[in-house]
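For reference, the structure is listed below as structure tokens.
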């Protein structure tokens, strides 16, 4: 049993004194775990950082075995934002979400492509918008997509400002007025692929929206909570909103 592919590191944990178990996300193979012998060494720790793009070879005697990885660096994406705490928190959050919601050994090429685009663009200004839209895409890839095409109540396609927490469908201002306390805010930048968020408060609203549905469908249903790294990321953005008004 063997495969070779480029893959993104999404999580690493110690195994014994010198080895680690790495979880890598490949476009063709999906999320795979494997043992990296000597992965705890100083020379390999820098390679096995969440967010890094590697060329990985996975091998095992039988398909059901954990298997082992041998890895070579392709691009040290994590190093590109080491001096930017908020962007580094976004990287950690995205990788942790992948590590905890994606089924193992099940390809999700759209999630991989979106994550790679996000990580490559973390040094640029549009990264917060890309992060929220990546989580929206992740929900869709897992089968829990949001329907932002029209109002769930009237079929109107304009003035969509809410999301129904029950159906995940958009609701217009007029139709949702009487129920606005029970609906989730829908940031306008999510309505068109080309739109970008202009306020951090819109990013926070977007993350609360995706976080609600991630909790419902991926975490709470399985008796778990979303990763601490995601909670810290959202809180840090929320604090930034307060500081900047």
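With the simple model of a label 7 Å out from the Cα in the direction of the Cβ, residue 192 to residue 37 spans 5.7 nm. Computed from label points 7 Å out along Cα-Cβ, the spacing between residue 238 and residue 64 is 4.4 nm. Only Cα pairs within less than 10 Å get springs; with that Gaussian network setup on the chain, which residue of 43, 229, 23 has the largest fluctuation? In the Gaussian network model the winner is 43.
Below 8 Å between Cα atoms, with a sequence gap of 6+, how large is the relative contact order for segment 2-76 in percent?
Working: 170 pairs, mean separation 24.2, N = 75.
Over segment 2-76, the number comes to 32 percent.
Sequence-distant contacts, meaning Cα pairs under 8 Å at least 6 residues apart, place the relative contact order of segment 119-233 at 21 percent. Between the helical axis of 109-120 and the longest alpha-carbon principal axis of the chain there is an angle of about 90 degrees. Note on Cα Rg over 2.2 N^0.38 Å: of the candidates (1) 0.92; (2) 1.09; (3) 0.98, the value calculated from this structure sits at (2). On a 0 to 90 degree scale, rounded to 10, what angle separates helix 228-244 from the longest Cα axis of the chain? The helix 228-244 is inclined about 50 degrees to the chain. What 222 nm value per residue comes from the helices of the chain, counting each DSSP H run with n ≥ 4 as -39,500 (n - 2.57) and dividing by all residues, nearest 500 deg cm²/dmol? When only DSSP H runs of four or more count, the value is -10500 deg cm²/dmol. Compared with the dominant Cα axis of the chain, that is its longest principal axis, helix 127-141 is turned about 90°.
Just want to confirm a number: the relative contact order over the chain, from Cα pairs under 8 angstrom separated by 6+ residues, in percent.
On the way: 424 pairs, mean separation 37.4, N = 245.
Relative contact order for the chain comes out at 15 percent.
Shape class for segment 2-76: oblate, because the ratio a/c of the largest to smallest gyration tensor axis (alpha-carbon atoms, square roots of eigenvalues) is 1.5 or more and b/c is at least a/b.
Residue 166 to residue 13: FRET efficiency via 1/(1 + (r/R0)^6), r the Cβ-Cβ distance, R0 45 Å, to the nearest 0.05?
On the way: r = 37 Å, r/R0 = 0.82.
Taking R0 as 45 Å, the efficiency between residue 166 and residue 13 is 0.75.
What FRET efficiency, computed as 1/(1 + (r/R0)^6) with R0 = 41 Å and r the Cβ-Cβ distance, is obtained for residue 180 and residue 113, rounded to the nearest 0.05?
0.70
What separates the Cα centres of segment 83-146 and segment 14-34 is a distance of 18 Å.
FYI, it's all coordinate maths here, none of it is from the lab. Small disclaimer: the values here were computed from a predicted structure and weren't measured. No Cβ is skipped: glycine too gets one built from the backbone with ideal geometry, and neighbour counts run over all protein chains shown.
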